[in-house]
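*Asks:* Below is a structure I'd like to ask you about.
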Amino acid sequence: MIDWQHIDTVLLDMDGTLLDLHFDNYFWMQYVPQAYAREHQLSEAESTERLHSKFEQNQSSLNWYSVDYWSEQLQLDIPALKREIQHMVAMRPHVEEFLTRLHASHRDVVMVTNAHRKTLDIKMDHVDITGWFDRIVVSHDLDAPKEEQAFWHRLQALHPFDPARTLFIDDTERVLESARDYGIAYLLTLLQPDSQRQKRIDTRFPGIHHFDEIMPDQPQP
């Protein structure tokens with residue numbers, strides 16, 4: 001699926017790609033509505049309905065990914081709530097071996113995430129994979145989410161890379177579409193970002209189930 005001889009740069013998403021998306025889905029769809037219901041004396045059904053409306057209005061914007069924004073909007077300490085269930089953060093299968101091999105291959109390996117830096121820190125406190133990366137790029141630092149072309153232009157200005165020799169792996173198709181429009185040549189998605197949900201069969205980009213399907217060769221001694 002991947003001819004590694006043609007890849008110099010590997011850009012990797014975090015949530016739903018390297019980490020199981022179950023944490024995030026559970027947090028936003030169950031844990032936050034329960035906390036919001038308690039805080040505002042609502043039934044869980046009323047809480048879920050209100051939050052769904054708020055979430056829908058901000059989807060794919062920087063606010064959507066900002067824990068500071070949601071803490072203010074919902075009058076909840078979102079980072080503190082995330083820490084309460086931090087133990088649920090988990091790496092996807094074969095991630096450690098995949099990152100180890102990439103790191104040893106001397107390619108440029110970069111995490112590019114829409115996650116807020118506070119979220120990144122909370123997750124890396126529990127599952128620290130930062131040592132395998134040459135750089136960690138957070139979209140809030142570039143003032144644009146990966147869904148927008150501005151992200152890719154600012155990333156290029158900050159850390160130059162050749163889109164024709166770059167592999168980008170992400171679980172969100174709108175993000176992959178943006179990367180494709182920018183000119184990134186090699187794009188992959190994940191068929192089961194959330195281990196507790198069914199495998200996706202209708203992705204518009206080539207997909208893998210686990211990283212053992214695309215392992216780079218072991219470097220020769």
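The values are calculated or read from the model by the stated rules, or taken from the named source; none is laboratory data. Being a predicted model, the structure only gives us computed values, none of them experimental. Note: ideal-geometry Cβ built from the backbone for every residue, glycine included; neighbour counts use all protein chains shown. For accessibility, only protein heavy atoms count, side chains too; no ligands or nucleic acids. Shrake-Rupley method; radii C 1.70, N 1.55, O 1.52, S 1.80 Å.
*Asks:* Might you tell me the accessible area per residue for segment 92-179, computed with a 1.4 Å probe and given in Å²?
*Replies:* Per-residue accessible area for segment 92-179 comes out at 40 Å².
*Asks:* Going by average Cβ neighbours within 10 Å, how do the peptides 37-47, 93-103 rank, with the highest at the top?
*Replies:* Working: 37-47: 13.3, 93-103: 17.3.
Averaged packing, sorted descending, gives the order 93-103, 37-47.
*Asks:* Right, another one. What is the chain's relative contact order, in percent, from Cα pairs under 8 angstrom and six or more apart in sequence? List each step's numbers first, then the result.
*Replies:* On the way: 330 pairs, mean separation 62.2, N = 221.
Once normalised by length, the contact order is 28 percent.
*Asks:* Which peptide among 28-34, 2-8 comes first, and what is the full order, when sorted by highest mean count of other Cβ atoms within 10 Å?
*Replies:* Numbers: 28-34: 15.9, 2-8: 13.4.
So the peptides 28-34, 2-8, ranked by packing, come out 28-34, 2-8.
*Asks:* Okay, next question. Arrange the peptides 65-71, 105-111 so that the one whose residues have, on average, the most other Cβ atoms within 10 Å appears first.
*Replies:* 65-71, 105-111
*Asks:* Mind checking the per residue accessible area of segment 1-62 for me, 1.4 Å probe, whole number of Å²?
*Replies:* Accessible surface, normalised per residue, equals 50 Å².
*Asks:* Related question: Quick one: angle between helix 173-182 and the longest Cα principal axis of the chain, in degrees between 0 and 90, rounded to 10, please.
*Replies:* 40 degrees
*Asks:* Here's another thing I want to ask about it. Output wanted: per-residue J couplings in Hz (rounded whole) for segment 105-115, from phi through Karplus 6.51 cos²θ - 1.76 cosθ + 1.60, θ = phi - 60°, x for Gly and Pro.
*Replies:* 3J(HN,Hα) across segment 105-115, in whole Hz: 7, 6, 6, 7, 10, 10, 7, 10, 10, 7, 4.
*Asks:* Still on this model: Divide by every residue of the chain the summed helix terms, -39500 (n - 2.57) for each DSSP H run of at least 4, and state the resulting mean residue ellipticity at 222 nm, rounded to the nearest 500 deg cm²/dmol.
*Replies:* -11000 deg cm²/dmol
*Asks:* With just the Cα atoms defining each centre, how far is segment 14-31 from segment 56-133? Give it in Å.
*Replies:* 9 Å
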